Amino acid sequence: MRTLEWVCSAIEKTINFIIIVCLMMMTAVIFYQVVLRYVFDSSNIWAEEFARYAFIWVVLLGAASALRRFQHIRIDFVVNLLPERAQKLINFINYVLIVGFLATLIKYGIAISLKTTHQISAGLHIPMSFMYMSIPVGSALMLLFTVQIILRDFLVPTGANTSSSGSK
């Protein structure tokens, strides 16, 4: 369990670094595009496309990071009224449903990525599969973090869980 915690932590730090770099690059490219358009009365085709693709990657990678940190919005008013055992059961069912949904996203994300390998984007001239790979990559990361949560919070006995109990 400690190894999984360490691996997930390292992956999350890497994800957060990639998100920061992408956001900085998006900001620079959008600023460049605005200056080019309003100061020089010109524009280029790749800047808007780059910003859009980077934003898609940021959203899906950010969703994985937010899942691990329990930062997604939850409506748990009714669940909180239930006894602790029922809350735990509902949360477990919720995570199992998330695993099923993410597995579906991975399956169909890979399928659409493979179908678009020969399609080239207009501005950046890169395969469209690069953009579509954000779906299975982000979903796989979320799946890994969900499995970690399930193992830590539901399947590993509480005594064996002392090293990661403060991560919530």
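The values are calculated or read from the model by the stated rules, or taken from the named source; none is laboratory data. Being a predicted model, the structure only gives us computed values, none of them experimental. A quick note on method: Cβ atoms are made from the backbone with ideal geometry, for glycine too, and the neighbour counts reach across all protein chains shown. These accessible areas exclude ligands, DNA and RNA; they are computed on the full protein's heavy atoms, side chains included. Shrake-Rupley method; radii C 1.70, N 1.55, O 1.52, S 1.80 Å.
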Exercise. For 22, 8, write out the residues from largest to smallest accessible area, computed with a 1.4 angstrom probe and no ligands counted.
Key: 22, 8
Quiz item: Just the projected area, averaged over all directions, of the convex hull on the alpha carbon atoms of the stretch 38-119: how many nm²?
Solution: 9.1
Quiz prompt | Among 138, 62, 123: highest mean-square fluctuation, GNM of the chain, C-alpha pairs under 10 Å | solution = 123
Quiz item: Between residue 81 and residue 20, how many nm apart are label points set 7 Å from Cα along the C-beta direction?
Solution: 4.4
Practice problem: Compute the FRET efficiency between residue 126 and residue 10 as 1/(1 + (r/R0)^6), taking r as their Cβ-Cβ distance and R0 = 25 Å, and round to the nearest 0.05. | Solution: 0.35
Self-check item: Label corresponding to Rg and Dmax of the Cα atoms in Å when calculated from the structure given, among (1) 16.2, 55; (2) 20.0, 66; (3) 16.8, 48
Solution: (2)
Quiz item: Probe 1.4 Å, all protein chains in place: accessible area of residue 128 in Å², nearest 10?
Solution: 20
Self-check item: Solvent-accessible area of residue 32 with every protein chain in place, 1.4 Å probe, in Å² to the nearest 10
Solution: 100
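Based on the mean of other Cβ atoms within 10 Å per residue, sort peptides 39-49, 99-109 so the most packed one is first. Please report the intermediate quantities before stating the final value.
Values: 39-49: 12.5, 99-109: 15.3.
Those peptides, ordered most packed to least, come out 99-109, 39-49.
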Quiz prompt | Förster radius 22 Å - calculated FRET efficiency between residue 117 and residue 48 (Cβ-Cβ, nearest 0.05) | solution = 0.45
Self-check item: Relative contact order of the chain, defined on C-alpha pairs under 8 angstrom at six or more residues apart (%)
Solution: 28
Self-check item: Ranking by accessible area, most exposed first, for 84, 12 with a 1.4 Å probe
Solution: 84, 12
Quiz item: When the solvent-accessible surface of protein heavy atoms is calculated with a 1.4 angstrom probe, in what order do 151, 61 fall, highest first?
Solution: 151, 61
